[in-house]
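Worksheet: one structure, shown below.
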Amino acid sequence: MRQNLHAPAHNVTDAGAFIITAATLYKENLFNSPQALDLLEEIILQSCGKYGWRIQQWAVFPNHYHFVALSPADNAENSILTRRIHGRSAIRLNQLKGTPGRTTWYQRWDTRITSQRSYFARLNYVQQNPVHHKIVACATDYKWCSAAWFKENSEPKFFKTVCDFKIDKVKVVDDF
């Protein structure tokens with residue numbers, strides 16, 4: 001699926017750019033295997049495509065995820081998108097683990113990104129999230145994140161611009 005994606009856009013569109021974060025119930029590590037992480041990443045990417053959202057960056061973890069995406073011009077409502085992600089991933093994870101009906105997701109948070117500086121900072125924040133959580137020393141080494149994809153598919157100058165943005169003041173729910 002990744003080879004069909006486009007490098008992140010260079011500007012924020014009128015339709016709206018959002019950073020979306022969601023957490024599992026009680027911050028439990030429910031997506032705690034490579035197969036479960038693959039499943040969640042695939043559902044996020046497919047759901048964004050199905051609903052016309054242009055995903056820009058993503059990072060998927062055992063107990064939460066983040067992504068930055070551009071909404072379609074005719075539908076900036078992101079609750080439909082996250083309901084699809086959460087419904088499909090909960091059903092498939094519970095099938096995988098033999099736990100039908102278990103509540104998987106707790107809540108989601110979203111922020112509309114209103115400036116180009118904020119957009120670049122959040123792109124960098126999401127791609128650096130595996131480093132933030134001390135999972136890897138280099139974000140491109142984490143399989144369930146867009147960092148390696150972004151490096152391979154972006155113009156070198158744009159990649160450097162995004163990577164140079166400081167993320168220490170980015171406010172995102174991320175106490176996982």
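Bear in mind these aren't lab numbers, they're just calculated from the coordinates by the rules spelled out. Small disclaimer: the values here were computed from a predicted structure and weren't measured. Cβ placement follows ideal geometry from the backbone for every residue including glycine, while neighbour counts extend to all protein chains displayed.
I'm trying to understand the selection: among the residues of segment 21-36, which are touching a strand residue (DSSP E or B) at 6+ places or on another chain (Cβ under 8 Å) and either among the aromatic types (Phe, Trp, Tyr) or closer than 16 Å to Gln95 by Cβ (or both)? Within segment 21-36, Tyr26, Leu30, Phe31 qualify. The residue list Arg92, Arg122, Arg88 contains one member that is closer than 17 Å to Ala59 by Cα and of a type in the set (Lys, Arg), which is Arg122.
Yes or no: segment 46-56 includes at least one residue that is over 30 Å from Phe158 (Cα atoms) and touching a Leu at 6+ places or on another chain (Cβ under 6 Å). No, because not a single residue in segment 46-56 is over 30 Å from Phe158 (Cα atoms) and touching a Leu at 6+ places or on another chain (Cβ under 6 Å). Meeting the requirement of 2 or more residues that are buried (at least 17 other Cβ atoms within 10 Å of the Cβ) and touching a Phe, Trp or Tyr at 6+ places or on another chain (Cβ under 6 Å), the helices (runs of 4 or more DSSP H) wholly within segment 61-176 are 78-97, 116-127. Among the residues of segment 17-67, the one identified as farther than 17 Å from Val126 by Cβ and in contact with a His (Cβ under 7 Å, 6 or more places away or on another chain) is Thr24.
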